[in-house]
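Heads up, the thing below is written out as structure tokens.
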Amino acid sequence: MTWTRKHLLGLEGIGYDEVVTILDTTSRFREILDRSVKKVPTLRGITVVNLFFEASTRTRMSFELAEKRLSADVLNFSASSSSLKKGETLRDTARNIEAMKVDIVVMRHPSPGAPHFLTDHIDGSIINAGDGPHEHPTQALLDLFTMREHVADLRGKRVTIVGDILHSRVARSDIWGLKALGADVTLCGPNTFMPAEVEQLGVTVSHDIRDATVEADIVNILRIQRERQSGGFLPSLREYSALFGINAARLREMKPDVLIMHPGPINRGVEIAPDVADGDRSVILEQVTNGVAVRMAILYLLSMVRASKQVEEPDILAEVGA
Ligand code: CP
């Protein structure tokens, strides 16, 4: 077990042993989700606040469920109904949270680096739940866990990420995590969707969807982020769909055992056809289930570091109310 981090801010620079520690710990917590009593006392006495400054369905609910499954005390903060509306700064909001003796802060924010900023102002552990187009580490970890459930060893496996890489925090975190585990990563999309620094990422770039997917073991399809397309990156959704959308005809040209993934939310009929999203190669809802277990594992590992305890296999035999 290799884990000494106080915060989980991103996957850039993460090591193989750290990723494996998270994924092995996730396996232990994944078992709990199939029990009749899905709750353990692991985080009893720990307070977690979910600070969401941007819309979320999956990440927010998944974190809250993970915290409750671990018996933490949970606070939910929403920017739209907070004193930020009255002119309070993020720093002052953070200092007030600190004064309430919160142990772990889960933060989603539209600005890259906002969770990193928080680490300078509060003593609690910070988990990045998505910071603008920068990183979304827990999404990438649940992607890796789901891949590993189907493909035991990712070394040398071909993983193609399709879509708007430029604006995607999921793609960035996926790339760092996949590289740490030794996968071969291909990015596919229009040139306008590729970041300037793409050559430095150690990936292959393709602008041809057939070339990029026909030999892939895993195809991870990104959402077209309509809210970030004002810069003229895309002539039209119809053209994107025709050139890069994954439909049944394209799926038939891929390996018969290819895994189809998507972080959600899905734009049905744009980047993915409904029959592919709901088809037998899709693991999209498995990703959502696994997300709860990954977040339980991260909360557990950070809480062990906070308590200065040796990180070891979690004792999850005890059930609350059993
Ligand atoms: N995948 C993901 O981050 O979804 P939400 O925006 O709904 O949290």
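The values are calculated or read from the model by the stated rules, or taken from the named source; none is laboratory data. Note that the structure is a prediction, hence the values are computed from the model and not measured. SASA here: full protein model, heavy atoms, side chains in, ligands and nucleic acids out. Shrake-Rupley method; radii C 1.70, N 1.55, O 1.52, S 1.80 Å.
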Starting from the Cα gyration tensor of region 217-266, multiply each eigenvalue by 5, take the square root, and state the resulting semi-axes largest first in whole Å. 24, 13, 7
For the chain, take the longest principal axis of its alpha carbons; what is the angle in degrees between that and the long axis of helix 16-32, to the nearest 10 within 0 to 90? 70
Run the Debye formula on the Cα coordinates of region 197-319, all scatterers equal and no solvent, and tell me log10 I(q)/I(0) at q = 0.12, 0.15, 0.20, 0.21 1/Å. -0.63, -0.84, -1.14, -1.21
List the pairs from Lys68/Lys179; Lys6/Lys157; Lys101/Lys309; Lys68/Lys309 whose alpha-carbon separation is above 28 Å, in the order I gave them. Lys68/Lys179; Lys6/Lys157
Heavy-atom accessible area per residue - the chain, 1.4 Å, Å²: 43
When only Cα pairs under 8 Å and 6 or more residues apart are kept, what is the percent relative contact order across region 221-294? 39
Report relative contact order for the chain in percent, whole number only (criteria: Cα-Cα under 8 Å, sequence separation at least 6). 23
Over all Cα pairs of region 137-285, how is the pair count split among 5 Å bins, expressed in % and running from 0 up to the last occupied bin? 2, 10, 22, 25, 23, 13, 5, 1, 0
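May I ask you to give the percent of accessible area on region 137-285 that is carbon plus sulfur, with a probe radius of 1.4 Å? Show your work: numbers first, answer last.
Values: 2990 of 6200 Å².
Carbon with sulfur: 48 percent of the solvent-accessible area.
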Whose amide H sits under 5 Å from the amide H of Leu75, counting only residues 5 or more places off or on another chain, with H placed in the peptide plane? Val48, Val49, Asn50
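Report, in deg cm²/dmol and to the nearest 500, the calculated mean residue ellipticity at 222 nm for the chain, where each DSSP H run with n ≥ 4 adds -39500 (n - 2.57) and the sum is divided by the residue count.
On the way: 11 runs with 116 residues, N = 322.
It lands at -11000 deg cm²/dmol.
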Cα-based Rg / Dmax (Å) for the chain: 19.6, 58
